[in-house]
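The values are calculated or read from the model by the stated rules, or taken from the named source; none is laboratory data. Just so we're clear, the structure is a prediction, and the values are computed from it rather than from any experiment. Methodologically, a virtual Cβ is constructed for each residue, glycine included, from the backbone with ideal geometry; neighbour enumeration extends over all protein chains shown. We work out accessible area using only protein heavy atoms, side chains counted, and drop any ligands, DNA or RNA first. Shrake-Rupley method; radii C 1.70, N 1.55, O 1.52, S 1.80 Å.
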Amino acid sequence: MDDTHTPGGPAAPTVGPLAGFTVGVTAARRADELIALLRRRGATVLHAPALRIVPLADDGELLAATKELIHCAPDTVVATTAIGFRGWIEAADGWGIGEELLARLRAAELLARGPKVKGAVRAAGLVETWSPDSESLAEVLDRMLTGGVAGRRIALQLHGEPLPGFVEALRAGGAEVVVVPVYRWMAPEDLAPLDRLLDAVAVGAVDAVSFTSAPAAASLLSRAEQRGMREAVLDGLRGDVLSACVGPVTALPLQAAGVDTVQPERFRLGPLVQLLCQELPGRARVLPVAGHRVEIRGHAVLVDEKLRTVPPAGMALLRALARRPGWVVARPDLLRVLPGAGRDEHAVETAMARLRGALGAANLIQTVVKRGYRLALDAGECSGGSAG
């Protein structure tokens, strides 16, 4: 609550920076944390896991890679994710070879990508040789190649996704690379939430989609293609639907498809949410109408800082009026923007009445007899006229 009071009244509630916006969340891991951060700032969340994480503790691939490293010790080990590194140690413990693996890791040069990975390494009783401040695998690769990798045996812990160019660069430099796949990404068992998100993106019913891994972004686009709606989804993501990625690697599948993305400077959930708090309100249309401040958000409107929820039909009408504020928009033009309205112009009158009621101030929208409707833009803001 805000601690400022209006004279003779209680404190006015503070409207969150994401109130009135709908954000799609594609994450499977740590989704609850991200959703809580978004909702705390007022967002409506559409959770649609784009993938699921399958541990490989029972997979012969991980067991074989671990035994190979125990049998023939690595010179360097690259730990890329905290959860992946912990999962590897836990799996080895379950197989009864945990101490042997730790002994090999202890004797090797251990490179940890970022603070969280460093924490997982130390929790296992190990000490990293080096960790980049940037949390960038590119910096890890540069350091290794600069120091020379010819003849070195390098173990690379993966977390469900390939690292484009990383393994190839090491092998080109003369290294022997052993890939350690700790988790595998797979399509979600229940595709219905992801399909609902795709439908929302295609029609612009969501304001932003957040991505926390490259496989999630790739999976969303793959599912869109399976449903025959890839171009419709890409049109949405290239248009009004913001793609917010936790970092540059996550953004690669989207950028390869021609989708612009935004990313925080620090690759964390908190900064990702803060970025959305800046980007989405910055896209909202703000107009002075009939002495009120009107801010048009995704599925709601702020009228003098009070949040007003507006039905989809009302939002469609309001956006049409706001495209040329102060100009008259004819009923046939408004009818065309109404979802599923058909040919009856009476639908415009009904939706307009509901819109005025939702806004809480009937004088925001003026009826121009026999012509249509217009926003009652404050004098001096623009010259009136006819639209359409």
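Going residue by residue through region 28-48, is there one that turns out to be among the charged types (D, E, K, R), at pLDDT 90 or above, farther than 30 Å from P193 by Cβ and part of a helix (DSSP H, G or I)?
no
Here is a list of conditions, (1) in a helix (DSSP H, G or I); (2) buried (at least 19 other Cβ atoms within 10 Å of the Cβ), and D235 meets all of them except one; can you say which number that is?
D235 satisfies every listed condition except (2).
Within region 288-307, identify whether any single residue is touching a residue at least 40 places away in the same chain (Cβ under 8 Å), of a type in the set (K, R) and in contact with a Phe, Trp or Tyr (Cβ under 7 Å, 6 or more places away or on another chain), and answer yes or no.
Checked against the condition, which is being touching a residue at least 40 places away in the same chain (Cβ under 8 Å), of a type in the set (K, R) and in contact with a Phe, Trp or Tyr (Cβ under 7 Å, 6 or more places away or on another chain), region 288-307 yields at least one hit.
Just to confirm my filter: which strands (runs of 3 or more DSSP E) fall fully inside region 121-215 and include at least 1 residues that are closer than 30 Å to L242 by Cβ, modelled with pLDDT of 90 or more and aromatic (F, W, Y)?
Once the strands (runs of 3 or more DSSP E) in region 121-215 are filtered for at least 1 residues that are closer than 30 Å to L242 by Cβ, modelled with pLDDT of 90 or more and aromatic (F, W, Y), what remains is 208-211.
Taking the condition basic (K, R), over 27 Å from A313 (Cβ atoms) and without any contact (Cβ under 8 Å) to a residue 12 or more places away in the chain, does R223 pass?
The answer is no for R223.
Does region 43-91 hold any residues that are out of contact with any His (no Cβ under 8 Å at 6 or more places or on another chain), open to solvent by 40 Å² or more (accessible area, probe 1.4 Å) and of a type in the set (S, T, N, Q), and which are they?
Within region 43-91, none qualify.
Which numbered condition trips up G94, out of (1) over 20 Å from W130 (Cβ atoms); (2) open to solvent by 20 Å² or more (accessible area, probe 1.4 Å); (3) at pLDDT 95 or above?
(3)
Are any of the residues in region 272-287 open to solvent by less than 60 Å² (accessible area, probe 1.4 Å), in a loop (DSSP other than H, G, I, E, B) and at pLDDT below 95?
For region 272-287, residues open to solvent by less than 60 Å² (accessible area, probe 1.4 Å), in a loop (DSSP other than H, G, I, E, B) and at pLDDT below 95: present.
Hand me the list of strands (runs of 3 or more DSSP E) wholly inside region 295-354 holding 1 or more residues that are open to solvent by 20 Å² or more (accessible area, probe 1.4 Å).
Strands (runs of 3 or more DSSP E) meeting the threshold: 306-309, 327-330.
Could you tell me which of the residues A187, A202, A257, A224 is aliphatic (A, V, I, L, M), touching an Asp or Glu at 6+ places or on another chain (Cβ under 8 Å) and either crowded, with 22+ Cβ neighbours inside 10 Å or over 21 Å from L38 (Cβ atoms) (or both)?
Of the residues listed, the single one that is aliphatic (A, V, I, L, M), touching an Asp or Glu at 6+ places or on another chain (Cβ under 8 Å) and either crowded, with 22+ Cβ neighbours inside 10 Å or over 21 Å from L38 (Cβ atoms) (or both) is A202.
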